[in-house]
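Structure first, then comments.
The values are calculated or read from the model by the stated rules, or taken from the named source; none is laboratory data. Keep in mind the model is a prediction, meaning the values are calculated, not measured. Here Cβ is always computed from backbone atoms with ideal geometry, including for glycine, and neighbour counts include all displayed protein chains.
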Amino acid sequence: MEALAGLRRPNITVELAQTIAQQYFGVTAVSVTELGSNQDRNFLLHELDGKQSVLKIDNAAFPLVEIEVQNDALGACVAAGVPVANVIRGTDGVAIRTIVDIDGTEHFARRFQFVPGTSLLDAQYLSAVMMQQVGTLSGKASAALKNFAHPGLHRSTQWDLRRAVEVSESLLDSIDDGARRERVRAALKAAQRILGQVGELPVQAVHGDITDDNIMWGGPQQSEQLTLLDFGDVSTGWRVAELATTLSSLLQHTAERPLDVLVAARAFHQQQALTSSEVSALWPLVVLRACVLVTSGAKQLELEADNDYAAERIEGEWRIFDEATRYPLDVMRAATRAALHVQISETELAEQAANPSTQTSGNDGQGRTVADSGPFSFPKKKRLKALEGSLLEAPVTLHRLDFSAESPLMDDGVWLEKGAEQRLIREKLASIAEESGEQGVYFPYARERLTRSRVNSVDAPSTIPFGLEAYFTSRTRFFAPFDGVVSLPPTTMETKDEQQVVLTANDGTRLILEGLTKLPHAGTVSAGELLGRVASSDSVNLNRVRILWVSSRATSRIPFVGGGELAPAYEQLTIDPAPLLGLPREEERPDAAIEQDRRNRVSSSAQERYYVNPPEFERGWKHHLVDTNGRTYVDLVNNVAGLGHSHPKVTAAAQKQLSLLNTNSRFLYRQLAEYSERLIEKAPNSLDTVLFVNSGTEAVDLALRLAWAATGRKTIISLREAYHGWSIGADAVTTSTYDKPNALNSRPDWVHVADVPNPLRGKHTGPDAETYYATELADTLKQLDAQGKPVAGFICESVLGNAGGVLLPEGYLREVYAKVRGAGGLSIADEVQVGFGRMGQGFWGFNLQGVRPDIITIAKPMGNGFPIGAVITTRAIAESLGNEGMFFSSAGGSPLSCAVGLAVLDAMDEDKILENVTEVGDYFKERLEALMAKHPLIGFVHGAGLYLGVELVRDRETLEPAKEETMEVCERMLNLGVIVQPTSERQNVLKIKPPLCIDRESVDFVIDAFDQVLSEVVATFPPAHA
């Protein structure tokens, strides 16, 4: 084992490396820099011609055949399209040279391609996007080596996880800290026991070290380019060990959230499908890899106290160990299965049942083992008291209480009311009190209880019960549903002093009951024997019983209620106890990953989506979104729900109108004129006619037609970097190259693109910028007129929404509108994103510029999520449309649309929305600007009211866009409970356009999250922010 205990590196100085490069490879290195390695020597050669390459001196412990296999494995990966740093052969075709170090020891030397960028090891936090890419790289490399064969593969290394226990145990004494040493010893024992239960694991050629240290990242400019380095550990091994090695390295980049690395496991699984046995073995192997790392690192420092490379990495290796063992192994195995959607195979179950020496035993609730006596089955003998296989002696009518995110009981924010849960339970008990027969209510298994959630929290709340909770209107006796052993664990703070009765079945499953009285004695019981009683409940007194049925695969304590990342694991380790009360089992809980796969199968990849691993949202309330785990998120992007999600007044209006009438605007009904009049009241004088459609795209399309019809002309001027919609007409005036890469080269000849007056990035950014842009536009109008293309209209967002709430130069629209009108054209204000009070100064975005457009387009906020769009213009312009034919929209202006629209306007007044926008918007911008003073990554804070944009840059002088950093911020903010997304051509502006009801408390929560994340992201991209 001495060969595995640590290897002294070749004695090669920088000067000798320079000589070797010249003598053996013909490379004149003007300078040489040593790179780190545990057992070899690596040197960066700065060559005379400006190129760079890497000189690698292999440890003398490795024979030639093991060096050759590395080169050939590299070739296999290159052939499969895996990005690697390949070996550079000499002009004679030779790749391996023999050199002598200072001690006279012979070593093999090779020269490799230099990969620019930075090691992923240097990144502090890795987002889900980056981890997914790492998992994909690892999976592709594994697939490339699947059928690779070579004599040099059959070698013994300390990194072969088949020998991890042996290696780690031999090196344990090198760990000086006694507490740490015993933790490693316990982890080794636990992982070894679990591995004894899994089936056969496939063996193949493995790289052996696909880790953050051996992956070069192209940096912010090439964020998707990952390159694999160093094939020095290539050998045969368990296929799943390749993934375990990768995951272990990612654990030091997870901010104490070890399950985050499972996104990489899913990506690997897509490239190399894992078997059930491999999934069972995966996390125990992650733990074993961590054990090997810390014991080997300790030994290396024992051998070479001056090994700076090993010294720098040892604490990182301990972080890996801490994260790998943060949660119990049974929980992590279950979480892995849930993440990969791989159920335990029948073969594996049979093997566990046939191997009692490794099968998990039952326990008495406190970890004390009880005897196993074979697989569980309901006894065939007649029950003396209880129903067969039941906890009850007679049927009871139990009424299901649903407090999940989709339950109507949670409507209108009831879930946030203090005491709502107890009140609703009492109300339900009161409603069934007069019904005949035994009655009760229950909360089902694994259905989130939204009443347990909270807002403005970085931590996921404990909302999901992994058992069943019931209340009975009469005193009810509970009986053993099967033979087993009863134990009565002492009460603890965790059980809140409620006595538990634990019934452990013959197969090791545990039935845990809380809330019973008249308890039995500990010991063996038969099916049908009394376990205790639960007192009756009514509208005043509540006496609950909680039932938790734990799988035999669970060896650690399972909480009755939990949440966050461990919830899927706890579901894997528990059983729905509903049948024990004569109830049907619950359906599977919603799974965001399954729902995402389902959507992918039925929709186009062209449809834009948020996040790599998005939550599944099924409820919103005010400025919060709620996922199917009951976690809430502050919503910073939903400008569609201007009033806030699920506004009761809007809901009531829609329900009422649907119960009366919904038809089309060819018919006469009151709501259309009433809604039109209310909108006209909000519009500038002379804009007195409304045409209804269903979306912003339709509104823009109609506005263009009106401009054509009213002027008899065709030319439309739009601004560069603009977005106006997706119909043929709206897309024609959309010039955003992010939304459409060929936008500027595919415009029809009737569209002319003017320069965008961006005060930060535009051609004119100083004083009087508006005059410069207006003068340029005037010249353009003259040129167009001379070409026989007189302008019909000029379309512009009153605030540059697509750019991230960028305010136009003061006076810009006033001058441009005047010049357009002077040339005979019309001015179109696209208010789809920025109107309806969002900017905080009046009802419209153009109020900021003090102008009156000829045509207004509006949509998103009109229906608070219901599809309504409109064009507001003058009677004369509207009437011109009749010259081209009739106008009609099937649902535009319908009774339902108008009822919803009226309700929105009423609620805006009642809720004092405009006042809130001004107050909270100003406060939000002040706090963002304070963050800008602290974080150089923020280049500018755009906007006004509640349309703000935080522009992230790598350099405030050059304004280099921080695109990748912006995406990292969005992913990390999601983990902290904030929904924010990028916008602009450069995708480096965080768009902040929340529901207009957002309050100061949520703003403070968001700012604190931003503060944390901005620091983490800078640490993730160190070269860009040196």
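Using beta carbons and a limit of 7 Å, which pairs, at least six apart or on different chains, have the first residue in the range 726-744 and within 18 Å of residue 803 (Cβ to Cβ) and the second one of a type in the set (Phe, Trp, Tyr)?
Going by the 7 Å Cβ cut-off, the qualifying pairs are 734/723; 736/723; 739/723.
Answer yes or no as to whether residue 110 is touching a Pro at 6+ places or on another chain (Cβ under 6 Å) and free of Cβ contacts under 8 Å to residues at least 60 places away in the same chain.
Working: touching a Pro at 6+ places or on another chain (Cβ under 6 Å): no; free of Cβ contacts under 8 Å to residues at least 60 places away in the same chain: yes.
Considered against the rule, which asks whether it is touching a Pro at 6+ places or on another chain (Cβ under 6 Å) and free of Cβ contacts under 8 Å to residues at least 60 places away in the same chain, residue 110 comes out as no.
Could you list all residues from the range 196-220 that are more than 30 Å from residue 85 (Cβ to Cβ) and either surrounded by fewer than 22 Cβ atoms within 10 Å (Cβ to Cβ) or not assigned by TED's automatic domain parsing to the domain that holds residue 325 (or both)? Spell out the reasoning first.
Filtering the range 196-220 down to residues more than 30 Å from residue 85 (Cβ to Cβ) leaves 196-200.
If the condition is that a residue be more than 30 Å from residue 85 (Cβ to Cβ) and either surrounded by fewer than 22 Cβ atoms within 10 Å (Cβ to Cβ) or not assigned by TED's automatic domain parsing to the domain that holds residue 325 (or both), then 196, 197, 199, 200 are the ones that fit.
Can you name the residue in the range 721-755 that is under 33 Å from the mean Cα position of the chain (by Cα) and of a type in the set (Val, Ile, Thr) and is also surrounded by the fewest Cβ atoms within 10 Å (Cβ to Cβ) among such residues?
737
Quick one: which strands (runs of 3 or more DSSP E) lie wholly within the range 432-538 and hold at least 2 residues that are farther than 30 Å from residue 1010 by Cβ and touching a helix residue (DSSP H, G or I) at 6+ places or on another chain (Cβ under 8 Å)?
Of the strands (runs of 3 or more DSSP E) lying wholly inside the range 432-538, those with at least 2 residues that are farther than 30 Å from residue 1010 by Cβ and touching a helix residue (DSSP H, G or I) at 6+ places or on another chain (Cβ under 8 Å) span 439-443, 468-472.
So the check is Cβ under 7 Å with 6+ separation or different chains; which pairs have a first residue in the range 894-921 that's in a loop (DSSP other than H, G, I, E, B) and a second one that's crowded, with 17+ Cβ neighbours inside 10 Å and hydrophobic (A, V, I, L, M, F, W, C)?
Pairs found: 911/643; 911/997.
Exactly one of these conditions fails for residue 929: (1) buried (at least 20 other Cβ atoms within 10 Å of the Cβ); (2) more than 30 Å from residue 742 (Cα to Cα). Give me its number.
(1)
Can you tell me which residues in the range 165-190 are free of Cβ contacts under 8 Å to residues at least 12 places away in the same chain and among the aliphatic types (A, V, I, L, M)?
179, 186, listed by residue number.
Might you let me know whether the range 998-1017 holds any residue that is outside any helix (DSSP H, G or I), within 23 Å of residue 803 (Cα to Cα) and outside the structural domain of residue 804 (by TED's automatic domain parsing)? Working first, answer last.
Within the range 998-1017, the first condition is being outside any helix (DSSP H, G or I), and the residues that meet it are 998-999.
This time we only want the ones that are within 23 Å of residue 803 (Cα to Cα), so: 998.
Applying the additional criterion that residues be outside the structural domain of residue 804 (by TED's automatic domain parsing) yields 998.
The answer is yes, given that some residue of the range 998-1017 is outside any helix (DSSP H, G or I), within 23 Å of residue 803 (Cα to Cα) and outside the structural domain of residue 804 (by TED's automatic domain parsing).
Give just the number: which of (1) out of contact with any Ser or Thr (no Cβ under 9 Å at 6 or more places or on another chain); (2) part of a helix (DSSP H, G or I); (3) at pLDDT below 95 does residue 744 not satisfy?
Residue 744 satisfies every listed condition except (1).
How about the range 960-986: which of its residues are on the phi > 0 side of the Ramachandran plot and modelled with pLDDT under 95?
First, pick out the residues of the range 960-986 that are on the phi > 0 side of the Ramachandran plot: 977, 984.
The one that is on the phi > 0 side of the Ramachandran plot and modelled with pLDDT under 95: 984.
Looking at the range 804-830, which of the residues that are at pLDDT 95 or above and in contact with a Ser or Thr (Cβ under 6 Å, 6 or more places away or on another chain) is surrounded by the fewest Cβ atoms within 10 Å (Cβ to Cβ)?
So, considering only residues that are at pLDDT 95 or above and in contact with a Ser or Thr (Cβ under 6 Å, 6 or more places away or on another chain), the one surrounded by the fewest Cβ atoms within 10 Å (Cβ to Cβ) is 817.
Out of all the residues in the range 591-600, is one or more outside any loop (DSSP other than H, G, I, E, B), more than 22 Å from residue 127 (Cβ to Cβ), in contact with a helix residue (DSSP H, G or I) (Cβ under 9 Å, 6 or more places away or on another chain) and of a type in the set (Gly, Ala, Ser)?
Checked the range 591-600: no residue is outside any loop (DSSP other than H, G, I, E, B), more than 22 Å from residue 127 (Cβ to Cβ), in contact with a helix residue (DSSP H, G or I) (Cβ under 9 Å, 6 or more places away or on another chain) and of a type in the set (Gly, Ala, Ser).
Please find, among 61, 79, the residue that is surrounded by fewer than 16 Cβ atoms within 10 Å (Cβ to Cβ) and under 39 Å from the mean Cα position of the chain (by Cα).
Of the residues listed, the single one that is surrounded by fewer than 16 Cβ atoms within 10 Å (Cβ to Cβ) and under 39 Å from the mean Cα position of the chain (by Cα) is 79.
May I ask you to list the residues in the range 601-612 that are surrounded by fewer than 15 Cβ atoms within 10 Å (Cβ to Cβ) and either in a strand (DSSP E or B) or touching a residue at least 40 places away in the same chain (Cβ under 8 Å) (or both)?
The answer is 610, and nothing else.
From the list 593, 606, which residue is closer than 18 Å to residue 630 by Cβ and of a type in the set (A, V, I, L, M)?
After ruling out the rest, the residue left standing is 593.
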